[in-house]
Amino acid sequence: MSFLRGRNKRRTQTLVLGVGALMLPVASMAWGGSGKHWPLAPRSEALPNLHLTPGATDSRVTEANLDWTICRRGGYTHTVRPPESYTEPLKRRQIREYGYRDKKIWHYEEDHLIPLEVGGAPYSFRNLWPEPRRVTGGWGSRTKDALENRLHELVCSRRLPLAIAQFAIAHDWIAAFKRYIGSRPADGHRYQWH
């Protein structure tokens, strides 16, 4: 007999199999806003394979033109973001290339390793990868999104050079998070800084 048992207020559920008097948790999942559930990926999948996704920058974005590109009022990323018709087939292919056991595409965000917010190449397959939405320790896509926003703010306020922000996030985004935000993700993934 199997059933779902609620764990806490975060809308997570644990699948439990009952075998006689023995109860075994089989998987932990969170429910997405669209009713889809996301499994908890292992920490080893939090970072991209740098042989497949080393990162790539957009040569149109330089330290000299920040005010007309990534830091301009009214936004920039919506003008360069690739459409889903481009990213979804790429995500399917990369999930296979990465060898992920979980093949459900909605469990991943096709993410720019070097984000558009700090001059990442929009269409380069070397800069896009299937990032798990939920990872052990909280190192999933929403946590990386918080780092992207923080690096954008630091670059646009001229407190961090563009090339350093790009290198830090491409080399090891978790280490960059620890350096520029904190030692671990916050509950609820709400970050504020000035």
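Quick notes on this one:
For every residue, the table says whether it meets (1) touching a strand residue (DSSP E or B) at 6+ places or on another chain (Cβ under 6 Å); (2) farther than 22 Å from residue 51 by Cβ; (3) surrounded by 14 or more Cβ atoms within 10 Å (Cβ to Cβ).
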| residue | (1), (2), (3) |
| --- | --- |
| 86 | no, yes, yes |
| 95 | yes, no, yes |
| 101 | no, no, no |
| 148 | no, yes, yes |
| 156 | no, yes, yes |
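- Residues located in region 158-171, provided they are over 26 Å from residue 73 (Cβ atoms) and open to solvent by less than 50 Å² (accessible area, probe 1.4 Å): 170
- Among the residues of region 47-87, those that are part of a helix (DSSP H, G or I) and under 16 Å from residue 113 (Cα atoms) comprise 77, 80, 87.
- Residue that is surrounded by the fewest Cβ atoms within 10 Å (Cβ to Cβ) [pool: residues in region 106-134 that are part of a strand (DSSP E or B) and charged (D, E, K, R)]: 109
- Within region 88-105, the only residue that satisfies the criterion of being of a type in the set (Phe, Trp, Tyr) and either more than 16 Å from residue 127 (Cβ to Cβ) or in a strand (DSSP E or B) (or both) is 100.
- For region 160-194, the set of residues classified as modelled with pLDDT under 95 and of a type in the set (A, V, I, L, M) consists of 186 only.
- In the set (1) open to solvent by 10 Å² or more (accessible area, probe 1.4 Å); (2) under 16 Å from the mean Cα position of the chain (by Cα), residue 76 fails one condition alone, (2).
- Criterion violated by residue 90 - all others in (1) in contact (Cβ under 8 Å) with a residue 12 or more places away in the chain; (2) more than 19 Å from residue 58 (Cβ to Cβ) satisfied: (2)
- Here residue 31 meets the list (1) surrounded by 11 or more Cβ atoms within 10 Å (Cβ to Cβ); (2) modelled with pLDDT of 95 or more almost entirely, failing just condition (2).
The values are calculated or read from the model by the stated rules, or taken from the named source; none is laboratory data. No experiment lies behind these values; they were computed from the predicted model shown. Every residue, glycine among them, receives a Cβ derived from its backbone with ideal geometry; neighbour counts consider all protein chains shown. Note: areas computed on protein heavy atoms with side chains; ligands, DNA, RNA excluded. Shrake-Rupley method; radii C 1.70, N 1.55, O 1.52, S 1.80 Å.
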